[in-house]
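**Q** Below is one structure. I have some questions about it.
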Amino acid sequence: MTGPDEAVEALLHEQRQFRPSKEFSDQANATTKTYEDAASDPEAWWAEQARTLEWDTPFTTTLEWDLPHAKWFSDGTLNASVNCIDRHVASGQGDKVAFHWVGEPENDRVTITYADLLVRVSQAAHALESLGVQEGDRVAIYLPMIPEAVVAMLACARIGAPHSVIFGGFSAEALSDRILDADARFVITADGGFRRGEISPLKPAVDEALKKCPDVHHVLVVQRTGQEVSWKEGRDVWWHDIVDSQETTHSPKSFPAEHPLYIMYTSGTTASPKGIFHTTGGYLTHTSTTHRLVFDVKPKTDVCWTAADIGWVTGHSYIVYGPLANGVTSVMYEGTPDAGGRDRWWRIIEEYGVTILYTAPTAIRTFMKWGEEHPQAHDLSSLRLLGSVGEPINPEAWIWYRTHIGSDTCPVVDTWWQTETGGIMITPLPGVTATKPGAAMVPFPGISVDVVDNEGHSVPDGHGGLLVLTRPWPGMLRGIWGDEERFRETYWSRFEGMYFAGDGAKRDEEGDLWLLGRVDDVMNISGHRLSTAEVEHALVGHPSVAEAAVVGASDDTTGQAIVAFVTLKMSGEVAQGDEAGLIQELRNHVGEVISPIAKPRQIILTPDLPKTRSGKIMRRLLRDVAEHRSLGDVTTLTDPAVVSMIDDLMAEHANDDD
Ligand code: WTA
């Protein structure tokens, strides 16, 4: 957990240095008046923001709030893809670049204008309709970071079919779980993608997943790599065969503001992921407004790069919907940061004149490890603003980012939000709010946040507690797909009338907010959310495993790393030399069941797990063991010897990480 500890306090006095550069002192998009207006009447302020969108039927109601159900702008109608594309083309911006797309292989790049995007999305919308996709049908999208991912999302939005984008790193099993949960009947995928200089297959995972999903009618396959794929006649269709020949114009329909736009699966505290679902008008209002104000967007000149994957919410909100609704130019990059050299990102920034970079602390810490020489070798002077998202940013990384990437002039905005919130919730506004290294600072205008104790009482300045959201906001999740009970239970049952975020937070002496990490069994690995339960579930699915306990231990680069304690069904039977092989097998098994991102950093085989008298696994204690902290109170353990034994095992395997 990162917090205002001593090192941070020491850095705070430097704060004055982190005033925004002159360019931001007359921020065109926001002033302190923005905060005042939003605070005096949040609903009216949001309604004003919503009116910057193009509505086919203007809304007359702003918010209907029947806790925990919010409806925003519900009698208005609009089309998300029209707001992201058509209206910019209609206003003469057709030649403007929507995306500079950069593939992982060198010289593999495409520039797509707003007019191009309109043609592509129109054709894809016709293609989906010709395959039988209808309004309300869920479409699963399992693609690499290629332009077709954006096109597919917007084509779904255009015809009112909610998309469910599934991160391309997920396994066949994770994919089938998500397809079944949403009852998606259509899948859009590719033969494969390029990752770390290699071709990574996608279609085989879809074929495998669909063995369990008999209701999927069609699979639309983009040819990206040219690798051989198996083919199921009647079900599988090549994208280029069906999309490219379609008419290039498509009449969009208008949908109610509360029409579902998408489902995004994310990890909760149990083994099964939750389908967070978002609707249209409020979500677009929230993402476009936050994008405009948090990044002080100047649509004529900015080149935005949200270096995230479209398979996660950050990609949805700040590669696709927010930037396109604002009509800006974005960069989209397919590959890993070190493909073609450790300076790949800095080359991209130099080449395209990127002005706004938005990424996760894990990436920043990795660049720190690789050394300043890589960014220094490039002209990064186009950059004027830096953003951070996904996990707590430690002050050292914040300062490095500002100094070495932001040439000591770019404001750094640390933005806190979640898949559930749809858009940014806590953040400074450059030029308006002062910044502190490591702090997300203040709620975005129109957002109400509190830090409370276990009884739900607001904590005073200088104290820590649990983060809650105290008023509905336009981009909020409208539910968990198909599971109303879980929606109420997860977010609305802990404190009456408040949304429980699952994060710890502290208000410093000046009332500014510091995010402290999760307080539940959700881990945050390189900004990816995973639950301890889903990794445990995967481990116990292996024939050799009897029991597993998983914890997120702090890690210098990835924020947290997965450490698993495993007991075997026939303990004692694994010969000493075979242990390493079994551990590797278990890691691979988790990679296959969930995703390579879920592979534990370390697996400890132990004859027993520490439990309370009531039989609950003592996770807190295991976390202490995994982080090499002192063990604290072990009096409630059934067998205190187990703990010291695990501790010894940890010491033995301390160098096992790979
Ligand atoms: C964490 C990603 C600290 C937090 C947009 C949250 C952060 C979870 C920050 C949501 C931040 C996100 N500082 N922690 N600036 N941003 N988090 O749903 O624990 O993938 O609950 O959404 O990431 O992750 P999710």
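The values are calculated or read from the model by the stated rules, or taken from the named source; none is laboratory data. Just so it is clear, the model here is predicted, and its values are computed rather than measured. Cβ atoms come from the backbone with ideal geometry, glycine included; neighbour counts cover every protein chain shown. Areas reflect the complete protein model, heavy atoms only, side chains present, ligands, DNA and RNA absent. Shrake-Rupley method; radii C 1.70, N 1.55, O 1.52, S 1.80 Å.
**Q** Here is a check on your reading of the model: is residue 63 among the aliphatic types (A, V, I, L, M), open to solvent by 20 Å² or more (accessible area, probe 1.4 Å), in contact with a helix residue (DSSP H, G or I) (Cβ under 8 Å, 6 or more places away or on another chain) and within 21 Å of residue 446 (Cβ to Cβ)?
**A** Yes; evaluated as a whole, the condition is true for this residue.
Residue by residue, here is whether (1) without any contact (Cβ under 8 Å) to a residue 60 or more places away in the chain; (2) within 11 Å of the ligand (Cβ to nearest atom); (3) closer than 30 Å to residue 480 by Cα holds:
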| position | (1), (2), (3) |
| --- | --- |
| 348 | no, no, no |
| 358 | no, yes, yes |
| 364 | yes, no, no |
| 403 | yes, no, no |
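**Q** Using the structure shown, decide if residue 192 is more than 22 Å from residue 478 (Cβ to Cβ) and open to solvent by 10 Å² or more (accessible area, probe 1.4 Å).
**A** Values: more than 22 Å from residue 478 (Cβ to Cβ): yes; open to solvent by 10 Å² or more (accessible area, probe 1.4 Å): no.
Considered against the rule, which asks whether it is more than 22 Å from residue 478 (Cβ to Cβ) and open to solvent by 10 Å² or more (accessible area, probe 1.4 Å), residue 192 comes out as no.
**Q** Right, something else. Taking residue 148 and the conditions (1) within 20 Å of the chain's Cα centre (by Cα); (2) open to solvent by less than 20 Å² (accessible area, probe 1.4 Å); (3) charged (D, E, K, R), which numbered condition does it fall short on, given that it satisfies the others?
**A** The single condition residue 148 does not satisfy is (2).
**Q** Looking at (1) within 16 Å of the ligand (Cβ to nearest atom); (2) over 30 Å from residue 116 (Cβ atoms), which one does residue 407 not meet, given that it meets all the others?
**A** Residue 407 satisfies all of (1) within 16 Å of the ligand (Cβ to nearest atom); (2) over 30 Å from residue 116 (Cβ atoms) except (1).
**Q** Given the conditions (1) farther than 19 Å from residue 507 by Cβ; (2) away from the ligand (no atom under 16 Å from the Cβ); (3) of a type in the set (Gly, Ala, Ser), which single one is not true for residue 397?
**A** So residue 397 meets the others, but not (2).
**Q** So, in the stretch 403-449, exactly how many residues are open to solvent by 30 Å² or more (accessible area, probe 1.4 Å) and over 22 Å from the mean Cα position of the chain (by Cα)?
**A** Final tally of qualifying residues: 6.
**Q** Does residue 305 qualify as being out of contact with any Cys (no Cβ under 7 Å at 6 or more places or on another chain) and under 29 Å from residue 593 (Cα atoms)?
**A** no
**Q** List the pairs whose first member sits in the stretch 105-118 and is within 16 Å of residue 330 (Cβ to Cβ) and outside any strand (DSSP E or B), whose second member is open to solvent by 70 Å² or more (accessible area, probe 1.4 Å) and modelled with pLDDT of 95 or more, and whose Cβ atoms are under 6 Å apart, counting only residues at least 6 apart or on separate chains?
**A** Cβ pairs passing all conditions: 114/93.
The rows are residues; the columns are (1) open to solvent by less than 40 Å² (accessible area, probe 1.4 Å); (2) outside any helix (DSSP H, G or I); (3) of a type outside the set (S, T, N, Q); (4) in the same structural domain as residue 594 (by TED's automatic domain parsing).
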position	(1), (2), (3), (4)
462	yes, yes, yes, no
474	yes, yes, yes, no
477	yes, yes, yes, no
487	yes, no, yes, no
510	no, yes, yes, no
515	yes, yes, yes, no
530	yes, yes, yes, yes
533	yes, no, yes, yes
536	yes, no, yes, yes
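**Q** Something else: Check residue 549 against each of (1) open to solvent by 10 Å² or more (accessible area, probe 1.4 Å); (2) touching a strand residue (DSSP E or B) at 6+ places or on another chain (Cβ under 6 Å) and name the one condition it does not meet.
**A** The number of the failed condition is (1).
**Q** Kindly check whether there is at least one residue in the stretch 207-225 that is in contact (Cβ under 8 Å) with a residue 60 or more places away in the chain and under 20 Å from residue 266 (Cα atoms).
**A** Within the stretch 207-225 (the criterion being in contact (Cβ under 8 Å) with a residue 60 or more places away in the chain and under 20 Å from residue 266 (Cα atoms)), the answer is no, since none of the residues qualifies.
**Q** Got a number for residues in the stretch 287-301 being open to solvent by less than 10 Å² (accessible area, probe 1.4 Å) and either within 13 Å of the ligand (Cβ to nearest atom) or over 19 Å from residue 83 (Cα atoms) (or both)?
**A** Count: 5.
**Q** Looking at 348, 393, 319, 399, which one is in a helix (DSSP H, G or I) and surrounded by 24 or more Cβ atoms within 10 Å (Cβ to Cβ)?
**A** Numbers: 348 fails: surrounded by 24 or more Cβ atoms within 10 Å (Cβ to Cβ); 393 fails: in a helix (DSSP H, G or I); 399 fails: surrounded by 24 or more Cβ atoms within 10 Å (Cβ to Cβ).
Exactly one residue qualifies, and that residue is 319.
**Q** What are the pairs, 6+ residues apart or on separate chains, where a residue within the stretch 119-143 that is touching a residue at least 12 places away in the same chain (Cβ under 8 Å) has its Cβ under 7 Å from a residue that is polar (S, T, N, Q) and part of a helix (DSSP H, G or I)?
**A** Note: pairs meeting the criteria are 121/81.
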